[in-house]
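Engineer: There's a structure below that I have some questions on.
The values are calculated or read from the model by the stated rules, or taken from the named source; none is laboratory data. Here the structure is a predicted model, which means the values were calculated and not measured. Glycine gets a Cβ as well: all are built from the backbone with ideal geometry, and neighbour counts include every protein chain shown. Remember, those area values only see protein heavy atoms, side chains included, never the ligands or the DNA or RNA. Shrake-Rupley method; radii C 1.70, N 1.55, O 1.52, S 1.80 Å.
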Amino acid sequence: MRNRDRTPKTYTRLTHPLVRDSRDEPFRRASWEEALDRAARELSAARDAFGMFSCARATNETNYVAQKFARVVMGTNNVDSCNRTCHAPSVAGLSAAFGSGGGTSSYEEIEHTDVIVMWGSNARLTHPVFFQHVLRGIRNGARMYAVDPRRTSTAEWAESWLGPNVGTDIPLAHAVGREIIHAGLVNEAFVERATTGFEEYAALVEPWTLSLAEKVTGVPAAAIRELAHAYARAERAQLCWTLGITEHHNGTDNVRALINLSLLTGHVGRYGSGLQPLRGQNNVQGGGDMGAIPNRLPGFQDILDPTVRLKFESAWDTVTQPHYGLNLTEMFEAMEDGTLRAVYCIGENPAQSEADTEQAVRRLRALDFLLVQDIFLTRTAELADVVLPATAGWAETEGTTTNSERRVQRVRRALAPPGEAREDIDIIRDLAARLGHDFAYADAEAVWNELRSVSPDHYGMTYERLERHQGIQWPCPSTSALEPPFLHGRLWEPDPSLRGRPAPFGIVRHDPPVDLTDEEYPLRLTTGRRLDSYNTGVQSGGFASPLRRGEYVELSPEDAERYGVVVGEEVRVTSRRGSVVAPVWIDTGLRPGLAFMTMHFPDEVDTNALTIEANCPIAGTAEFKASAIRIEKLPLVTVVPYVR
Ligand SMILES: Nc1nc2c(c(=O)[nH]1)N[C@H]1C(S)=C(S)[C@@H](COP(=O)(O)OP(=O)(O)OC[C@H]3O[C@@H](n4cnc5c(=O)[nH]c(N)nc54)[C@H](O)[C@@H]3O)O[C@H]1N2
Ligand SMILES: Nc1nc2c(c(=O)[nH]1)N[C@H]1C(S)=C(S)[C@@H](COP(=O)(O)OP(=O)(O)OC[C@H]3O[C@@H](n4cnc5c(=O)[nH]c(N)nc54)[C@H](O)[C@@H]3O)O[C@H]1N2
Ligand SMILES: [Mo]
């Protein structure tokens, strides 16, 4: 249903548990006793068919307890979070290259580097705090390159903007790599010492001449050459990327293609040089570190490693499952075939954030039991059987979160929770108790200390030290020392026994977007973010912003003219999966053939009705960044006022 007035929907805070006996009934207010009893009953009936979505906005402590609930109480590794829709390809790519999925550098180093490459990232709008460090870096003399099909406001700050066609980052990266090799700019000592597979890589990129790359990517050969020379000649260089790279059906391959450039030049493992996949949600890094992912126990320790499992079995007095669980994408598939029957969804709104929402909602509806724990009554919560009101991980809860530079920081309760809302860890604890497990933590610090006892990377971070140092980066194995701010310094060790495993070049090939444009669907739609709104709008819809202008389908001036549409005119936007009506906006940063929409106003315009669920086979991330669409004028012209 279309909300005609297009005022962003306002969600009100959940203040008490909600229950219903059947999905045809409306919710009724329930006591905590009743809601938790019901949830415990239903979950114990679904023991072999259970999945958990954990919250990337909640604290590390919440994520630790949530994954422990899945593993210890429900006996499954089916636990995941929005990292799957987001940076799972970065984690997979970095792990394959270096054995660890974290961004390698720190924010401080961005200020002391010579070249900053922002690849598929609109950080000026999406990571405004980080971008302050970029601006300081530029002020200190760094040159910034922006690689984005749209000339974004991040690109406005760049020395040079490279605008590849959507889904052509591998050809572009390979051409940069080939140019570095042909210009004799390879850091041979580093390649020799710290990498493997150079010969194969050189053969792989050899066909990607500047002129072929120009043809495929649309970026002028001279601009590709300039980027290659600037990056390779720099004393220090930072390569930053985000969803323009990861949200593709081959996201992990894209990430590997970028990592290859750092291996060629030795721009990793040294102060000022590194790889920075800026993580999205405030604690998506921490959620993964805490084990709220299907293949790692807390401290990013591999579930397949028997010594790791033994340690957790003794710490938790339980038996662990010696195989990886289902990731978020696979859990949705398992809902389809009926092998996943119950979901405990903590702080996620997949009914609106998954690609192809019609399919996602149908799958959620098919569950026997859906338990949602959130701070608002989301569209996902509206599909649930039981809804539990939590406190916000930000400002209402004690604990810690971890940012993109791996820095763990304290968060504190500044506000009293509304109504009967309770902290996530207390709710999970009480549910565990009903299912026969004693998670009797006195407070968040007790949870944190348990994590420290099982995760060597976090062992040195007591709450007291976190406070004293204003946050500490992992790894932090010692309670008395701090590690360097960057990872993988070992790669530079002259002594091979200290150097550890060399980093392999990724042998990855160009693979264009799955949803092809053709005569019927001639426009390439890419989706993303704006400054004034947050994800599915649940948390930002309620606050007026003079910047906010609701959902629009953004077109290039050329396309607007071709279709004969004006700003504010409503058009029908159709993909092979769905159709929505949205007003037009004209953006001079778009090239002909490229359209842009956000995911921020799904109640007014359900952008994800259009997107394709074509997933990266390694990471499970969907191709949110490349759909094929057509737009049609409506018979009756409605012009939506765009100033409010
Ligand atoms: N204001 C605001 N900030 C946010 C959020 C928010 O909702 N609002 N959400 C947070 C979250 S969860 C995340 S994950 C981050 C995401 O932060 P970003 O990744 O910076 O945000 P997006 O706008 O999704 O995508 C970034 C860019 O990718 C480009 N792009 C699209 N296709 C391609 C391609 O094929 N190649 C290349 N090179 N680029 C491409 C788009 O044009 C876009 O400018 O932001 C976080 N910060
Ligand atoms: N078309 C398109 N779709 C996309 C993307 C895109 O670029 N384009 N990006 C994808 C990305 S990167 C992401 S991260 C996802 C985001 O997808 P989601 O994570 O599903 O969306 P959010 O709106 O961030 O939902 C967060 C929920 O957490 C709740 N919450 C906040 N704090 C707390 C807390 O402390 N405790 C509890 N229990 N709940 C809390 C909020 O009320 C909200 O309902 O969307 C993905 N979908
Ligand atoms: Mo994200």
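Engineer: At 1.4 Å probe size, with no ligands or nucleic acids counted, give the accessible surface of Cys82 in Å², nearest ten.
Structural biologist: That residue has around 10 Å² of solvent-accessible surface.
Engineer: Net charge near Thr152, counting Lys/Arg +1 and Asp/Glu -1 over other residues with Cβ under 13 Å of its Cβ?
Structural biologist: Details: positive: Arg124, Arg150, Arg151, Arg529, Arg530, Arg591; negative: Asp148, Glu156, Glu554, Asp587.
Spelling it out: positives minus negatives among the neighbours equals +2.
Engineer: May I ask you to compute the full-extension gain from Ala45 to Arg412, defined as 0.36 nm times their residue separation minus their alpha-carbon distance, rounded to one decimal in nm?
Structural biologist: Working: separation 367, 0.36 × 367 = 132.12 nm, distance 3.68 nm.
Result for the pair: 128.4 nm of gain on full extension.
Engineer: Also, quick follow-up: Please report the base-10 log of the normalised intensity I(q)/I(0) for segment 23-124, using a Debye sum with one equal scatterer per alpha carbon and no solvent, at each q in 0.20 (1/Å).
Structural biologist: Rounded to two decimals, the profile gives -1.24.
Engineer: Rounded if a/c is under 1.5, else prolate if a/b is larger than b/c, else oblate: which is segment 523-633, with a ≥ b ≥ c the root eigenvalues of its Cα gyration tensor? If you can, show how the numbers build up before the last one.
Structural biologist: On the way: a/c = 1.70, a/b = 1.07, b/c = 1.58.
Taking the square roots of the gyration eigenvalues as a ≥ b ≥ c, segment 523-633 is oblate.
Engineer: To continue, here is another question. Can you give the accessible area of Glu396, probe radius 1.4 Å, in Å² rounded to 10?
Structural biologist: It works out to around 10 Å².
Engineer: Across 5 Å bins from 0, what is the distribution of all Cα-Cα pair distances for segment 504-543, in whole percents?
Structural biologist: 5, 14, 14, 11, 10, 15, 15, 10, 4, 1
Engineer: Okay, moving on. Among the GluC sites (Glu not before Pro) within segment 116-180, which fall in a DSSP loop and have no more than 15 other Cβ atoms within 10 Å of their own Cβ? Before the final figure, lay out each step's value.
Structural biologist: Values: sites: Glu156, Glu159, Glu179; in loops: Glu159.
Sparse-neighbourhood loop GluC sites (Glu not before Pro): Glu159.
Engineer: Can you give the extra length, in nm with one decimal, that the chain gains between Glu558 and Thr588 once fully stretched, where that is 0.36 nm per residue apart less the Cα-Cα distance? Provide the component values of the computation, followed by the final result.
Structural biologist: Details: separation 30, 0.36 × 30 = 10.80 nm, distance 0.91 nm.
Between Glu558 and Thr588, full extension yields 9.9 nm more.
Engineer: Here's something else I'd like to know. May I ask you to rank Ile629, Ile138 by accessible area, largest first, using a 1.4 Å probe over the protein chains only?
Structural biologist: Ile138, Ile629
Engineer: Quick one: go through segment 360-390 and flag any residue whose amide nitrogen is under 12 Å from the point 7 Å out along the Cα-to-Cβ line of Arg13.
Structural biologist: It comes to 375-376, 390, nothing else.
Engineer: Span-like helices, the chain: DSSP H, alpha-carbon axial extent 24 Å or more, mean Kyte-Doolittle 0.5 or greater, which ones?
Structural biologist: Working: long enough: none.
TM-like helix candidates: nothing returned.
Engineer: Once Rh is set to the Kirkwood radius over Cα pairs, what Stokes-Einstein translational diffusion coefficient, in µm²/s, holds for segment 402-557 at a temperature of 20 °C and a viscosity of 1.002 mPa s? Don't jump to the answer; show the numbers that get you there.
Structural biologist: Details: Rh = 21.9 Å.
Approximately 98 µm²/s, per Stokes-Einstein.
Engineer: Using 1/(1 + (r/R0)^6) with R0 = 45 angstrom and r between the beta carbons of Leu516 and Ala442, what's the FRET efficiency to the nearest 0.05? Write out the running numbers ahead of the final one.
Structural biologist: Details: r = 57 Å, r/R0 = 1.27.
FRET efficiency, Leu516 to Ala442: 0.20.
Engineer: Can you show me the helix-derived [θ] at 222 nm for the chain, built from DSSP H runs with n ≥ 4 at -39,500 (n - 2.57) apiece and divided by the number of residues, rounded to the nearest 500. It would help to have the intermediate numbers written out before the result.
Structural biologist: On the way: 23 runs with 201 residues, N = 644.
Value at 222 nm, helices only, nearest 500: -8500 deg cm²/dmol.
Engineer: Still on this structure, I have one more. Counting only DSSP beta bridges with both residues in the chain, what percent are antiparallel, rounded to the nearest 5?
Structural biologist: Numbers: 31 of 74 bridges.
Restricted to the chain, the bridges split so that about 40 percent are antiparallel.
Engineer: Using a 1.4 Å probe on the protein heavy atoms only, what accessible surface does Glu467 show? Give it in Å² to the nearest 10.
Structural biologist: 100 Å²
Engineer: Compute the signed sum of charges (Lys and Arg +1, Asp and Glu -1) over the other residues within less than 14 Å, Cβ to Cβ, of Leu275. Provide the component values of the computation, followed by the final result.
Structural biologist: On the way: positive: Arg236, Arg256, Arg270, Arg279, Arg406; negative: Glu109, Glu405.
Charge balance near Leu275 sits at +3.
Engineer: Putting +1 on Lys and Arg Cβ atoms and -1 on Asp and Glu Cβ atoms, find which of Leu162, His229, Ile245 reaches farthest to the positive end of the dipole of segment 88-278.
Structural biologist: Leu162
Engineer: Right, another one. Between Arg362 and Asp495, what is the spin-label point distance in nm, taking each point 7 Å from the Cα along the Cα→C-beta axis?
Structural biologist: 6.1 nm
Engineer: Return the carbon/sulfur percentage of the accessible area of the chain, one whole number, probe 1.4 Å, all protein chains in place.
Structural biologist: Working: 12280 of 23660 Å².
Carbon plus sulfur share of accessible area: 52 percent.
Engineer: Given the Cα-Cα distance of Tyr463 and Asp305 and 0.36 nm per residue of separation, how much length would full extension add, in nm?
Structural biologist: Numbers: separation 158, 0.36 × 158 = 56.88 nm, distance 2.92 nm.
Full extension from Tyr463 to Asp305 adds 54.0 nm.
Engineer: May I pose another question? For Glu569, enumerate residues with amide H under 5 Å from its amide H, sequence gap 5+ or separate chain, H modeled in the peptide plane.
Structural biologist: Sorted by chain and number, the residues that satisfy this are Val584, Val640.
Engineer: Can you give the accessible area per residue of the chain, in Å², using a 1.4 Å probe?
Structural biologist: Values: 23660 Å² over 644 residues.
Per-residue value: 37 Å².
Engineer: Using per-residue counts of other Cβ atoms within 10 Å, averaged over each peptide, order 402-412, 267-277 from highest down. Provide the component values of the computation, followed by the final result.
Structural biologist: Numbers: 402-412: 21.7, 267-277: 25.1.
Ranking the peptides 402-412, 267-277 by packing returns 267-277, 402-412.
Engineer: Count charges around Arg193 for me, please; just the other residues with Cβ under 12 Å from its Cβ, Lys/Arg as +1, Asp/Glu as -1.
Structural biologist: -2
Engineer: Could you check the simple spin-label distance between Thr196 and Ser478, using points 7 Å along Cα→Cβ, in nm with one decimal?
Structural biologist: The answer from the label model is 3.1 nm.
Engineer: Let me ask another. Over the chain, what per residue volume does the convex hull of the Cα atoms give, in whole Å³?
Structural biologist: Numbers: hull volume 98.2 nm³, N = 644.
Normalising the Cα hull of the chain by residue number yields 152 Å³.
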